[in-house]
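Since the structure comes first, as structure tokens, the remarks are kept for the end.
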Amino acid sequence: IVSRTGRYKLLVLTGIGLMAIGLVLMRQLTATTEYTTMFLWMFVTGLGIGPTLSVFTIIVQNAVPFSVLGVATSNLTFFRQIGGTVGLAIAGTVFGNSLLNRLPTEIVASLPAQLQPQAQQLLGSGASLNVNPNDLTGVGQSFGAAVAAQVPALQPLIPNLDAAFHQAMSLSIADTFAIGIVTAGLAFVS
């Protein structure tokens, strides 16, 4: 499109707008979101991200003399890598904090009504179950089984605990998309 029209600004703005719309949709992610819905949201987001990546390269390469084309392109790649590293660190921090804050609430909500007051009191007091975090998030690992290994009385509630963990994880992932929405908004207006 850029090579045919010679213009890129509308394409970049449309891409950033689509990316922001996709991220707003991804912000609604829960453990019960259907795969087809989630894939549609990812498609909209990718449809926005795709043009911006290649067009930014074209913009940078057209903005510099031919003699420094390699330097400009490598600087663009370098700053993308630095931005990705910093962005990932920020998103990881937001995700980790959100998961730690959401998990107790989701655990309490997943339990039978008669156990909720006790669980609320235990989790509200800051009690720790001494569970290795690596046992909670590995592929094929069960959060409920890891907790029940520490508290055998919770064995019948493993499916509830797993559902609570999946919901807390999904909501925490959705929280990280807020960062993308803000950065897409800043990119759109600048």
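The values are calculated or read from the model by the stated rules, or taken from the named source; none is laboratory data. Everything numeric here is computed off the predicted structure, so don't read it as measured data. Note that each Cβ is placed from the backbone with ideal geometry, even for glycine, and that neighbours are counted across all protein chains shown. These area figures cover heavy atoms from the full protein model, side chains too; ligands, DNA and RNA do not enter into them. Shrake-Rupley method; radii C 1.70, N 1.55, O 1.52, S 1.80 Å.
Conditions (1) more than 30 Å from Ala119 (Cα to Cα); (2) over 18 Å from the mean Cα position of the chain (by Cα), marked per residue:
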{"position": "Tyr8", "(1), (2)": "yes, yes"}
{"position": "Leu11", "(1), (2)": "yes, yes"}
{"position": "Ile21", "(1), (2)": "yes, no"}
{"position": "Phe39", "(1), (2)": "yes, no"}
{"position": "Gly83", "(1), (2)": "yes, no"}
{"position": "Gly87", "(1), (2)": "yes, no"}
{"position": "Arg102", "(1), (2)": "no, no"}
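Of a type in the set (Ser, Thr, Tyr) and either open to solvent by 70 Å² or more (accessible area, probe 1.4 Å) or at positive phi (or both): does that describe Thr33?
no
Enumerate the pairs (first residue in the stretch 40-68 and more than 17 Å from Ile16 (Cβ to Cβ); second residue anywhere and surrounded by 13 or more Cβ atoms within 10 Å (Cβ to Cβ) and at pLDDT 90 or above) with beta-carbon separation below 7 Å, excluding pairs fewer than 6 apart on the same chain, so at least 6 apart or on different chains.
Here the result reads Gln61/Leu69; Gln61/Ala72; Gln61/Thr73; Val64/Ala72, each pair linking the stretch 40-68 to a residue that is surrounded by 13 or more Cβ atoms within 10 Å (Cβ to Cβ) and at pLDDT 90 or above.
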